[in-house]
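The values are calculated or read from the model by the stated rules, or taken from the named source; none is laboratory data. Computed from a prediction, not measured in an experiment: that's the story for all the values here. Neighbour counts are summed over all protein chains in view; Cβ atoms, including those assigned to glycine, are modelled from backbone coordinates with ideal geometry.
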Protein chains: 2
Amino acid sequence: MDKKPVLFTSLSPALLHLYDISNSIVVIIDILRATSTITTALYNGAKSVIPVDSVSRCIELGKQIDGITAGERDGQIAEGLSYGNSPFEYPESFIKGKTLVLTTTNGTKLLHMALEKGANEIIIGAFTNLSFVCDYLIRSNKNVMLGCAAWKDRVNLEDTLFAGAVITRIKEHFNISCDSSHLAESLYREAAGDLFGFLKKNDASHYHRLMNFNLEKDIRYCLTIDNANVLPVYRNGRLVKE
Amino acid sequence: MDKKPVLFTSLSPALLHLYDISNSIVVIIDILRATSTITTALYNGAKSVIPVDSVSRCIELGKQIDGITAGERDGQIAEGLSYGNSPFEYPESFIKGKTLVLTTTNGTKLLHMALEKGANEIIIGAFTNLSFVCDYLIRSNKNVMLGCAAWKDRVNLEDTLFAGAVITRIKEHFNISCDSSHLAESLYREAAGDLFGFLKKNDASHYHRLMNFNLEKDIRYCLTIDNANVLPVYRNGRLVKE
């Protein structure tokens, strides 16, 4: 009898409601740049990252706990916050021992949706911690939902590519009867050799948006595998290292 | 100055609301099997096809106009209707000169959504009429929305592949700044040589569902390019040949 857990991929927050995630680990995926930045901050010694869904809540909470307020709207630092959503803003020399209060356009929104839908567990995935995510999912032996944050609910290439990278590595351990997962895997197969080149060639919409802000360095970092290997898990309102 | 029209792809009806389609031709795509069957019925001489969104409406209208009631729910003939959703049920000897009243799980639902959202024009696309669809879209020189009917709002491979086939053929004529379109094109690039083999290899969920009903012949037909070249357009409540 086949007892493998199941794996699904939701390509957009607007599709998450189609799936029952109450028995699943939900992997929040927002490659450019929320989940890459969260893994980096924790890897560099941040005590925790608190994801909040609005700028006003970010400011309020930042004051209360003396945390660092950070976040973006439409790819730029949101008004009233001190820092943005670039992994390069959070080196060890700055972030070690501190708490980051973060709000982003898509990633933190999806995390709160997963919470409301009663996800069994929530973890953070990015190319920066790909191996840790895959190892954890195999080890846990639970159902998995790969949740792409997308861009304002529109499917994007970079989050889909990450889902494909995870599936490529762990598929033998899961039952995958989900066309979105097959789609992601196929896309990754084509792009794996040169992720940056693939986004550029296809003029991926968010790649384009960030390039307009001179953020090529950020994009290249966010597409690098295993340069911030930690596993952020959501516990009691905070993302902390597992 | 670049005056090309724009092209977008909506991978699921649950994503259609993200786009303004009031100035667009919407291509309804439901490869297995609604749009393949509609093109086939019209190619074989049906006077028109009336898409309705419920079984009860199908029965009622069928009586009123002495039409042929047909449709499926979950891949099988719906109770109370005379025929199903297989293209092989509608040869010329049977369907010529008749009106088909059709309701299906996903395709007719998407068509009614596109109507409600004020689509400028609605046409029907399938591999069976790929060339006619592409020629029409190039000739029209209007904005295009490729609307995948999906499966109960879950993205599927076969509709995405068809979007990719269209994009591959017509992309020089459009501005495409849409990651879903790039995704579809990439998928089609991988699968184009053997569409049936690709669905089989990936155990596409609807492929699987139909194979369980012994419908391999239907699937192979629905993946054959240009075997029913007509252009169904929606006018005054009916799908007719352009």
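List of remarks:
- The one condition in (1) surrounded by 15 or more Cβ atoms within 10 Å (Cβ to Cβ); (2) more than 14 Å from chain A (Cβ to nearest Cβ); (3) not in a loop (DSSP other than H, G, I, E, B) that residue B:228 fails to fulfil: (3)
- Selected residue (criterion: farthest from residue A:197 (Cα to Cα)) from residues of the range B:196-209 that are touching a residue at least 24 places away in the same chain (Cβ under 8 Å) and within 13 Å of chain A (Cβ to nearest Cβ): B:209
- Residue B:181 being under 22 Å from residue A:154 (Cα atoms), surrounded by fewer than 19 Cβ atoms within 10 Å (Cβ to Cβ), among the hydroxyl-bearing types (Ser, Thr, Tyr) and in contact (Cβ under 8 Å) with a residue 60 or more places away in the chain: no
- Count - residues of the range B:1-49 that are part of a loop (DSSP other than H, G, I, E, B) and either in contact (Cβ under 8 Å) with a residue 24 or more places away in the chain or closer than 21 Å to residue B:185 by Cβ (or both): 17
- Some residue of the range A:210-218 being within 14 Å of chain B (Cβ to nearest Cβ) and farther than 22 Å from residue A:49 by Cβ: yes
- Residue in the range A:215-224 that is at pLDDT below 95, within 30 Å of residue A:97 (Cα to Cα) and not in a helix (DSSP H, G or I) present: yes
- Among the residues of the range A:67-89, not one is over 21 Å from residue A:222 (Cβ atoms) and free of Cβ contacts under 8 Å to residues at least 12 places away in the same chain.
- Residue A:35 being closer than 18 Å to residue A:93 by Cα and of a type in the set (Val, Ile, Thr): no
- Residue A:208 satisfies every condition listed in (1) part of a helix (DSSP H, G or I); (2) under 22 Å from residue B:154 (Cα atoms); (3) of a type outside the set (Phe, Trp, Tyr) except (2).
- Of the residues making up the range B:186-195, those that are facing chain A (nearest Cβ under 8 Å) and charged (D, E, K, R) are B:189, B:190.
- Hey, residue B:172 on the phi < 0 side of the Ramachandran plot, more than 14 Å from chain A (Cβ to nearest Cβ), modelled with pLDDT of 95 or more and in a helix (DSSP H, G or I) or not: yes
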